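Working notes for the structure below.
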Amino acid sequence: MSSSAPAEFDFGSLNTELRPRWGWFVALGVALLVLAFVAFANLMAATIVSVFMVGVLMTIGAVVQIVHAVRVKRWGGFFYWLLGGLLYGVAGVLTFYNPLLAAAVLTLVLAISLIAAGILRLWASIRMRPLDGWGWIAASGVITIIAGIVFALHWPANTLFLLGIVLAVDLTFQGISAIAFGMTLKAMSPKTA
C-alpha cells in the first residue's frame, strides 16, 4: 500500500499559495489560544456559549427541515420532515429559554455518548486483536468509557463547567495545530512541491 498522498492533492499550492500566508495561520492559532484562555478563565460563560451555539444550529436545522417538508409535501414523508423540523425548533427555542437546563441535558447526552463510543471502540479493538496496534484502540475505548462514567457520576453538578471545558480544550488544540501548520509553511523551502 502506497504512503503517498492522493493524486488530487496539490502540494505545489502549499508552497506557492499558502507559504506566503504562514503568518495568518500563526495569528489564527494565537487568537484561538487567547479564546481558549478566556474560556478556561470563565467555564460557565463558555458552557452557555456552547449551549447557545447548539441552539442556533438546532434552529437553523429546524428551518431547513420545515422548508424541505414544504418542498416535498406531495411525497409521503411530508409529516415526518415537518414533525422533525418542529421538534428541532422547539428544542432550539428551549435552549435559548433555559440554557442551564439545556446544558444539563447536553452534559448527560455527552456522558452517554462517550460511554457508547468507548464500548464500540473496545469491541472494535477486540475484533482487531490479531493486528498490531489493537491495544491502543482498546486503551482509547477504556479511557473514553471511564470519562463518560465520571461525567455521568458527577452529573448534574458538572453541568455548569463541563461543556465549557470541552470548548476550551477544543480551542486549545485548534490553536496549537494552526500555529504548527503556519510554522511548517514558514519552514518549507520555496522549491518544495
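The values are calculated or read from the model by the stated rules, or taken from the named source; none is laboratory data. From a predicted model like this one, the values you see are computed outputs, not experimental measurements. Side chains are part of the model used for accessible areas, which takes the heavy atoms of the whole protein and leaves out ligands, DNA and RNA. Shrake-Rupley method; radii C 1.70, N 1.55, O 1.52, S 1.80 Å.
Quick notes on this one:
- Gyration tensor verdict on segment 38-150 (Cα atoms; rounded if a/c is under 1.5, prolate if a/b is larger than b/c, oblate otherwise): oblate
- Here segment 54-193 has 77 percent of its accessible surface on carbon and sulfur atoms, given a 1.4 Å probe and all protein chains in place.
- Looking at the chain, the accessible area is 67 square angstrom per residue; that uses a 1.4 Å probe and ignores ligands, DNA and RNA.
- Share of Cα-Cα pairs in the chain lying beyond 26 Å, as whole percent: 59 percent
- Euclidean distance between Cα centres, segment 18-39 to segment 133-193, Å: 17 Å
- Rounded if a/c under 1.5, otherwise prolate or oblate - segment 120-191, Cα gyration tensor axes: oblate
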